[in-house]
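Note sheet for the following structure.
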Amino acid sequence: MTTVDGLLFLGTSHFGYQLDASTALAGMDAVGTDAAIAAPMHPHRGDFTEANESLAEAVGKSDGRLIPLCRVDPWEGDAAVAEVQRAVGAGARGVFLHPSEERFRINDVRVRPIVECAAELAVPVMVAAGYHLFAEPLQLAAAARWTPDHPFVLTNGGQFNISGMSQFDAQLALGNPNVHVHTSGMYREDFLEGVVKTFGPERLLFATAAPMFTMAYERLRVDLAHFTDAETELILGGNTIRIFGEVGA
């Protein structure tokens, strides 16, 4: 079984956190992770092209263990779409959007051209999900419906506050067949198990979102949940490989 971390961040963030490739790879080794999807941090001075190029350079030295996403800011309009085209042409396997850090609503009309561009290029979209006002489940569901046949992956189970109506809203988002969710930050084991029971194991992806969360702790979310061996194999890597492509050198 190949274990793939569905998301970690590389670089130095404008907001103070950081993770370099060598530290990430050592952390992956410690928890038995073979490969990981990597997204850039929010860069100083907001230069996303430079951040994407720096990530690509680090990925190129990882012997195929790190798989790059390109990150763009929808406020840059056509330039953001052009950067998606450039980065995917250079090897990025998907597009990462962070509504909270870049301060946009995921269902804003400015975002749609980026999502549609990703679909045209046949690469998935991943969204930092669950942030109040910017990336709440019903907003995410609306954005996912722009390209209903195209994979739309949500971090944090689609909603940080997975209680009460928030849990219901997250399930509504998953009602869109193209929506998938990460295990990262999901403190309710019953929610993760419910995703598998209600929507199928193909809709849940293991991810740590390091360094925002701790790799070892996030791995336990899958190991301690009540999944079959076949379900665990899909969650720990099979689903991510299906959506983002094969891993390895």
Those residues of the range 96-126 that are out of contact with any His (no Cβ under 6 Å at 6 or more places or on another chain) and closer than 18 Å to Phe15 by Cα come to a total of 8
Read through the list (1) without any contact (Cβ under 8 Å) to a residue 60 or more places away in the chain; (2) over 21 Å from Met212 (Cβ atoms); (3) in a loop (DSSP other than H, G, I, E, B), then give the number of the only condition that Phe134 fails.
-> (2)
Residue ID - surrounded by the most Cβ atoms within 10 Å (Cβ to Cβ), chosen from residues in the range 4-15 that are closer than 12 Å to Thr208 by Cα and touching a helix residue (DSSP H, G or I) at 6+ places or on another chain (Cβ under 7 Å) | Asp5
Considering only residues that are over 19 Å from the mean Cα position of the chain (by Cα) and farther than 23 Å from Asn239 by Cα, look in the range 16-33 and name the one that is surrounded by the fewest Cβ atoms within 10 Å (Cβ to Cβ).
-> Gly16
Can you pull out the helices (runs of 4 or more DSSP H) entirely within the range 34-123 that have at least 1 residues that are farther than 23 Å from Pro148 by Cα, under 15 Å from the mean Cα position of the chain (by Cα) and without any contact (Cβ under 8 Å) to a residue 60 or more places away in the chain?
-> 99-102
Considering residues of the range 142-158 that are at pLDDT 95 or above and in a helix (DSSP H, G or I) only, the residue surrounded by the fewest Cβ atoms within 10 Å (Cβ to Cβ) = Ala142
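Pick from the range 167-219 the residues that are among the basic types (Lys, Arg) and surrounded by 19 or more Cβ atoms within 10 Å (Cβ to Cβ): which of them is nearest to Ala24 (Cα to Cα)?
Taking the candidates together, the pick is Arg219.
Give the residue, chosen from Asp34, Asp29, Asp5, Asp20, that is closer than 20 Å to Asn156 by Cβ and among the acidic types (Asp, Glu).
Only one candidate passes the filter, namely Asp5.
The values are calculated or read from the model by the stated rules, or taken from the named source; none is laboratory data. Given the structure is predicted, the values throughout are model-derived calculations rather than measurements. Cβ sites come from the backbone with ideal geometry, for glycine too, and all protein chains shown count toward neighbours.
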